[in-house]
1. Determine the percent antiparallel among the DSSP beta bridges restricted to the chain, to the nearest 5.
2. Pick out the long, greasy-scoring helices in the chain: whole DSSP H runs spanning 27 Å or more along their own axis by Cα, mean Kyte-Doolittle at least -0.5.
3. Which ³J(HN,Hα) values in Hz, rounded to whole numbers, follow from the phi angles of the range 264-271 under the Karplus curve 6.51 cos²θ - 1.76 cosθ + 1.60, where θ = phi - 60° and Gly and Pro get x?
4. How large a share of the accessible area of the range 4-134, in percent, is made up of carbon and sulfur atoms when the probe is 1.4 Å and the other protein chains stay in place?
5. If packing is taken as the average count of other Cβ atoms within 10 Å, what order do 109-120, 141-152, 88-99 fall into, highest mean first?
6. Give me the distance in nm between label points sitting 7 Å out from Cα along the Cα-to-Cβ direction at CYS254 and ASN56, one decimal.
7. Over 5 Å intervals from 0, what percent of Cα-Cα pairs in the chain sits in each interval?
8. Quick check: the distance between the Cα centres of the range 109-150 and the range 197-276, to the nearest angstrom?
Amino acid sequence: MPELPEVETIAADLRQRIIGEKIQEVVVHDARLIRDFPRSVFADCPAPGFIRAVKNREIQKIERQGKALIFYLSGGKYILAHLGMTGQWVLADSAPRAKVSITLSSGQRLHYNDQRIFGGMTVVADLAKVPYLRGLGPEPLSPGFLRVFQAIAMTGIKAPVKSFLLDQHKIAGIGNIYASEILFRAGIDPRCPVNQITEPQLRILGKQIVAVLKEAVCQRGTSKRDYLDASGRQGSFQNYLRVYGRAGKPCSVCGKPIQRVVQAGRSTFFCSICQK
Ligand SMILES: [Zn+2]
């Protein structure tokens with residue numbers, strides 16, 4: 001699933017290539033993709049309404065918030081997009097499996113692909129009213145994050161630290177892959193309740209959140225399965241994963257096999273020697 005580094009990479013690519021372009025034509029090949037996210041159907045604005053609302057507007061700015069991509073359009077409208085599990089935004093002449101295709105004024109074509117259709121997009125007039133955005137915790141790459149993180153982590157949270165890292169209301173942008181990597185680097189057992197982690201360990205955890213995500217942005221994300229950047233290329237952070245997807249393989253630090261457990265229905269990878 002695309003997480004902060006992948007969405008950030010796509011946002012940066014699109015920023016370079018489509019800012020200032022006008023949306024000339026929109027073809028919705030699969031109307032299920034025009035909806036609010038994460039999973040609920042966007043009842044107020046089915047495909048024809050979406051097309052009408054965005055057509056002939058200029059793309060003025062592209063931002064990422066959490067795992068969402070936001071296209072700022074002229075006239076005070078915003079396309080809010082979420083990649084779900086398998087979403088891809090790719091600039092290409094043609095994309096046979098595209099669910100939505102947007103033709104821009106320069107002739108470039110922007111396609112949204114999504115094999116498992118957990119993602120989608122919608123158009124809104126007021127970002128401040130979007131529940132997903134309002135509910136997001138602090139951005140790990142924003143100034144002052146470490147201080148805010150420490151304060152949140154010290155509020156007596158009983159949940160396992162892995163679940164805490166995945167909770168978008170607590171911290172924005174982290175998903176399953178980076179949560180495992182961050183906890184390995186911080187030397188913390190993913191099953192440990194947050195309120196049992198010492199203050200110095202929490203400080204290390206905060207720093208590793210920032211370090212791992214920054215490194216992953218530099219490597220243009222992790223392509224484990226479907227993720228591609230806006231030019232259709234893979235990221236390279238999968239070459240630097242120390243625990244994720246490595247069950248049974250030797251730990252890069254102590255040599256003992258990496259363990260896999262299931263937490264809240266999702267795989268967690270860790271080293272039982274290096275992480276306490
Ligand atoms: Zn180890």
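The values are calculated or read from the model by the stated rules, or taken from the named source; none is laboratory data. Since the structure is predicted, the reported quantities are computational estimates derived from the model, not experimental observations. With ideal geometry, Cβ positions are generated from the backbone for all residues, glycine too; neighbour counts draw on all protein chains shown. Note: areas computed on protein heavy atoms with side chains; ligands, DNA, RNA excluded. Shrake-Rupley method; radii C 1.70, N 1.55, O 1.52, S 1.80 Å.
1. If we restrict to bridges inside the chain, about 95 percent are antiparallel.
2. 199-218
3. 6, x, 10, 5, 10, 10, 6, 10
4. The computed percentage sits at 47.
5. Put in order of decreasing packing, that is 109-120, 88-99, 141-152.
6. Output for this residue pair reads 6.5 nm.
7. 1, 6, 12, 16, 18, 15, 12, 8, 6, 4, 2, 0
8. Result: 22 Å between the Cα centres.
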